[in-house]
1. How high is the relative contact order of region 8-120, given as a whole-number percent (alpha carbon pairs under 8 Å, six or more residues apart)?
2. Does anyone have the angle between helix 285-298 and the longest principal axis of the chain? Alpha-carbon axes, 0 to 90°, nearest 10?
3. What is the dipole size for the chain, taken about its Cα centre, with +1 at each Lys and Arg Cβ and -1 at each Asp and Glu Cβ, in debye to the nearest 20?
4. Grab every C-alpha pair in region 8-99, bin the distances at 10 angstrom width from 0 up to the longest one, and report whole percents.
5. Could you give the accessible area per residue of region 1-74, probe 1.4 Å, as a whole number in Å²?
6. Given the Cα-Cα distance of residue 73 and residue 297 and 0.36 nm per residue of separation, how much length would full extension add, in nm?
7. What is the diffusion coefficient of the chain in µm²/s, taking the Kirkwood radius over Cα pairs and the Stokes-Einstein relation at 10 °C with a viscosity of 1.306 mPa s?
8. Compute the separation of the alpha-carbon centres of region 1-17 and region 32-81 and state it in Å as a whole number.
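The values are calculated or read from the model by the stated rules, or taken from the named source; none is laboratory data. This one's a predicted model, so the numbers in the text were calculated from it and none came from an experiment. With ideal geometry, Cβ positions are generated from the backbone for all residues, glycine too; neighbour counts draw on all protein chains shown. In case anyone asks, the SASA skips ligands and DNA or RNA and just uses the protein heavy atoms, side chains included. Shrake-Rupley method; radii C 1.70, N 1.55, O 1.52, S 1.80 Å.
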Amino acid sequence: MSLLVIGSLALDTVETPFGKASEALGGSAVFISVAASYFVVPVRLVGVVGSDFPKAHIDFLERREIDLEGLQVVPDGRTFRWGGRYHYDLNVRDTTFTELNVFEHFNPVVPVGFKKSTYVCLGNIDPILQQNVLKQLDRPRLVVGDTMNFWIERRTSELKNTLKHIDVLIINDSETRLLSGEPNLIRGARKIMAMGPKAVIIKKGEHGALLVTDRTVFAAPAYPMENINDPTGAGDAFAGGFIGWLAKTDDLSEDNYKRAVIYGSALASFCVEKFSVERLRDLSYLEIRDRVREFRDLSRFDEDVLAGRELR
Ligand code: AMP
């Protein structure tokens, strides 16, 4: 199966109560492709950077077997930059700046060899660009999309158009409320499903994630992290693990969606342990497998202790 990812490649300046990183490798497409590269190779990336994008970052992406044929490098261009500051409660983040730079005039071109990609992840990026990429593709099997408040507020109608072509939308709790205009998350998810997606995954920061389809609600537990350093990219690492697992197994059953949610949660839990993509540089298969098992054991219990007895 083939997986195509579009999104931002960024230099992030991030401050958390535990430290600071300046101009570190980030961007939605980076976190998604790196996480997905643990399941499928090569991941096909479409994006743009400026000539200031460090060669070491390109080398790293290539080492993870990410195919960069769809990466445009704008001569004399300046790479997208984003700044974020996290509060003591790491679920609260302020964006300190967003510099679109090369994204302002970006016209994504999907290489001919990428057009038949079967799995597609539209990372957080201008919904006009997300649509532009979809139009160049030859009927993918599954389209997973992500977005954020920045675009929900600035490009509402364009985002609603993109949603008609997205099968699974991954979105956080506050963005679910913003996009649906509904305070209750499950009802909000249903309103968003009426806009197009067949499933909505609501990320709730360190409180886990909810998968909502027209038939079920599945809750992935939150991993009890003791050493979170930087939550940046967790949502994208989740998306990468989720779609990576689906592309690897090519099984779109509801049971497999649930497994994919847990693989996504596992990759997100690794991502937040260090700044930027540091913890995602070289995970081992065993580390991922063990964490998935820990997720399973977190909420597994024996309901039968009362075996046949009345509750009172
Ligand atoms: P997350 O923590 O999952 O929301 O993702 C954070 C990443 O998204 C950072 O690495 C940023 O570079 C990137 N990002 C932030 N704002 C935007 C935006 N408006 N468009 C595209 N990417 C963004």
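1. That works out to 27 percent.
2. 40
3. Approximately 800 debye in magnitude.
4. With a bin width of 10 Å, the distribution comes to 16, 44, 29, 10, 0.
5. Result: 34 Å² per residue.
6. 76.1 nm
7. Value of D from the Cα-based Kirkwood radius: 81 µm²/s.
8. 10
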